[in-house]
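The values are calculated or read from the model by the stated rules, or taken from the named source; none is laboratory data. This structure is a prediction, so every number in the text was calculated from the model and none was measured. Glycine also receives a Cβ, built like all others from the backbone with ideal geometry; neighbour counts cover every protein chain displayed. The accessibility values were calculated without ligands, DNA or RNA, using every heavy atom of the protein model including side chains. Shrake-Rupley method; radii C 1.70, N 1.55, O 1.52, S 1.80 Å.
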Amino acid sequence: MSSVDESQHTWAGDDPVIVRATAVLAQTLGRDVESLRPGTVLGVGEEDLANVASLLEMELDIDGLYEDVDDWETVGDVLDSVHDQAA
């Protein structure tokens, strides 16, 4: 089990956009919100990640997430993209 430095992320867990994004991510992946930490590996295929990006863009009214899908391996990667695009 690797140690992840959660301080590397530029977002805060209590940011309303991040809270909503985490809820959408949990629902889409069929996981509990509480189980999703920045270092949590997504463990899904490219098609599922594209679906996640699409749902997040619609739910959060942001664009540009689809371009980041190839770089998503962890929950933190997704939330970093959300934070960057929502800013």
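In this structure, does A26 turn out to be surrounded by 15 or more Cβ atoms within 10 Å (Cβ to Cβ), part of a helix (DSSP H, G or I), out of contact with any strand residue (DSSP E or B) (no Cβ under 7 Å at 6 or more places or on another chain) and without any contact (Cβ under 8 Å) to a residue 12 or more places away in the chain?
yes
Quick one: R31 ticks every box in (1) at pLDDT below 90; (2) assigned to a loop (DSSP other than H, G, I, E, B) except a single one, so which number is it?
(1)
In segment 64-87, what count of residues is obtained for those that are in a helix (DSSP H, G or I) and in contact with a helix residue (DSSP H, G or I) (Cβ under 7 Å, 6 or more places away or on another chain)?
Counting residues in segment 64-87 that are in a helix (DSSP H, G or I) and in contact with a helix residue (DSSP H, G or I) (Cβ under 7 Å, 6 or more places away or on another chain) gives 12.
Just to be sure I understand, how many residues within segment 34-53 are under 17 Å from L65 (Cβ atoms), part of a loop (DSSP other than H, G, I, E, B) and either open to solvent by 80 Å² or more (accessible area, probe 1.4 Å) or among the β-branched types (V, I, T) (or both)?
Summing the residues that are under 17 Å from L65 (Cβ atoms), part of a loop (DSSP other than H, G, I, E, B) and either open to solvent by 80 Å² or more (accessible area, probe 1.4 Å) or among the β-branched types (V, I, T) (or both) in segment 34-53 gives 1.
I'm trying to understand the selection: among the residues of segment 41-78, which are among the small types (G, A, S), closer than 19 Å to R20 by Cα and free of Cβ contacts under 8 Å to residues at least 40 places away in the same chain?
Matches in segment 41-78: A50, A53, S54, G64.
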